[in-house]
Amino acid sequence: MSFWKAKRFWKAAQAEACEGGFTVRLDGRPVKTPAKVPLVVPTLEMAQAIAAEWDAQQGEVKPDTMPVTRAANSAIDKIVPQRAAVVEIVAAYGGSDLLCYRAVGPEALIARQAAGWDPLLDWAAEALGARLRVTQGVMHVAQDAAALARLTARVEAFTPFRLAAFHDLVAVSGSLVLALAVTEGRLAPQEAWDLSRIDETWQVEQWGEDEEAAASEAARHAGFMDAARFYALCG
């Protein structure tokens, strides 16, 4: 991890083809992941985005300003060596999907959730073959095993790079269905984000915005949009 604390030593970052895909070179030196594995990504567009992040660095390298680089590192260093475990973690969200747990009141919030979430659950049933059950409150509702198996199969089909993006889409939104709606082109990323924040938006409308909560929401929103962009860069 000491590499990440280095100051800029290169004049230019260049994306180029390499064995197995595309990479980024800093004045001819190939970039490696924090685990010292060669950084090889699936598309030229992703490599170009990573090169742009490296070129934007001034002084000390700041990983928090390099979302594409960080996601690629995660795919290589974390997803590849423990793919089955990541698939299991992500697929498990289907058993407790945000869209399935509804407010017990007030009626206006119940109606807003139904208007926003019911069409997505209908889409999951029709397009993905996975009808999920809905309940009110926070008590767990068991989902159909066959439906969960179909959702899991979708997760298992992702490449490591797409799985890295998908993991973040699910973890930030709390919904496997919303994340799949983004990756399947059913929703634009911003639409999915807005639907994932129905409860939070309602609270702000009723009680006003808390500065600390707003900052946290902004960070989560940025993470969600970064994940959607990284997924698109996978080709």
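FYI, it's all coordinate maths here, none of it is from the lab. What you see is a predicted model; the values in this text were computed from it and never measured. With ideal geometry, Cβ positions are generated from the backbone for all residues, glycine too; neighbour counts draw on all protein chains shown.
Here are a few things to note about the model shown:
- Residue in the stretch 103-122 that is nearest to residue 170 (Cα to Cα), counting only those that are of a type outside the set (A, V, I, L, M) and in contact with a Leu (Cβ under 9 Å, 6 or more places away or on another chain): 117
- Applying the criterion of being under 23 Å from the mean Cα position of the chain (by Cα) and of a type in the set (Gly, Ala, Ser) to the residues of the stretch 3-55, the residue that is farthest from residue 159 (Cα to Cα) is 52.
Listed here are the residues, each with its yes/no results for (1) surrounded by 12 or more Cβ atoms within 10 Å (Cβ to Cβ); (2) of a type outside the set (S, T, N, Q); (3) in contact with a Leu (Cβ under 7 Å, 6 or more places away or on another chain).
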| residue | (1), (2), (3) |
| --- | --- |
| 20 | no, yes, no |
| 32 | yes, yes, yes |
| 70 | yes, yes, no |
| 88 | yes, yes, no |
